[in-house]
1. Anything in segment 48-84 that is outside any helix (DSSP H, G or I), more than 27 Å from Gly117 (Cβ to Cβ) and open to solvent by 80 Å² or more (accessible area, probe 1.4 Å)? List them, or say none.
2. Considering Phe7, Phe24, which residue is closer than 21 Å to Pro78 by Cα and out of contact with any Cys (no Cβ under 7 Å at 6 or more places or on another chain)?
3. Can you tell me which residue is nearest to Pro101 (Cα to Cα) among those in segment 15-38 that are open to solvent by 70 Å² or more (accessible area, probe 1.4 Å) and touching a residue at least 24 places away in the same chain (Cβ under 8 Å)?
4. Can you tell me how many residues in segment 95-124 are surrounded by 13 or more Cβ atoms within 10 Å (Cβ to Cβ) and either more than 19 Å from the chain's Cα centre (by Cα) or at pLDDT 90 or above (or both)?
5. Which residue, of Glu41, Glu87, is open to solvent by 70 Å² or more (accessible area, probe 1.4 Å) and out of contact with any Asp or Glu (no Cβ under 9 Å at 6 or more places or on another chain)?
6. For Lys8, all conditions in the list (1) in a helix (DSSP H, G or I); (2) farther than 20 Å from Glu87 by Cα hold save one; what is the number of the exception?
7. Filter segment 125-138 down to the residues that are aromatic (Phe, Trp, Tyr) and open to solvent by 100 Å² or more (accessible area, probe 1.4 Å) and list them by number.
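The values are calculated or read from the model by the stated rules, or taken from the named source; none is laboratory data. Source: prediction; values computed, not measured. As a convention, Cβ positions derive from the backbone with ideal geometry for all residues, glycine included, and neighbour counts pool all protein chains shown. Only protein heavy atoms, including side chains, enter the accessible area calculation; ligands, DNA and RNA are left aside. Shrake-Rupley method; radii C 1.70, N 1.55, O 1.52, S 1.80 Å.
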Amino acid sequence: MKRLQAFKFQLRPNVQQEREMRRFAGACRFVFNRALALQNENHEAGNKYITYTKMASWLIEWKSHSDTQWLKDAPSQPLQQSLKDLERGYKNFFQKRAAFPRFKKRGQNDAFRYPQGVKLDQSNSRISLPKLGWMRYR
């Protein structure tokens, strides 16, 4: 019989890493909210929801636009994951499994995730995250 087991780890960032993590979470929230606003406009016009691939092309445009060039400072994978979260929210809504996606607010469940590119050094209890560097954990 297989046993599923999970572990919780607490990251211990320094002051600079903590500031960067807040900025990354804010960038993910901005991307989610902006894409949701465009999705809402599209939905009100009577069109089907826009897929992730189209939203990912918006992300490229936003990064190159002069008003939102600060998005380049954030890692691309967490920004893409927030768009995937939005797509999943829309699919769940249309399949009647969840409520309509809502805009995210600062300070409430601020989070981001890396699907790959993470290095783990278990002997020294530290992890390397893209654009954050090595960080201790316990």
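1. Hit for segment 48-84 is Lys48, nothing else.
2. Phe24
3. Arg34
4. 2
5. Glu41
6. (1)
7. The answer is Trp134, and nothing else.
Residues checked against (1) over 16 Å from the mean Cα position of the chain (by Cα); (2) under 26 Å from Met135 (Cα atoms):
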{"residue": "Met1", "(1), (2)": "yes, no"}
{"residue": "Phe7", "(1), (2)": "yes, yes"}
{"residue": "Val15", "(1), (2)": "yes, yes"}
{"residue": "Phe30", "(1), (2)": "no, yes"}
{"residue": "Glu44", "(1), (2)": "yes, no"}
{"residue": "Ser66", "(1), (2)": "yes, no"}
{"residue": "Leu79", "(1), (2)": "no, yes"}
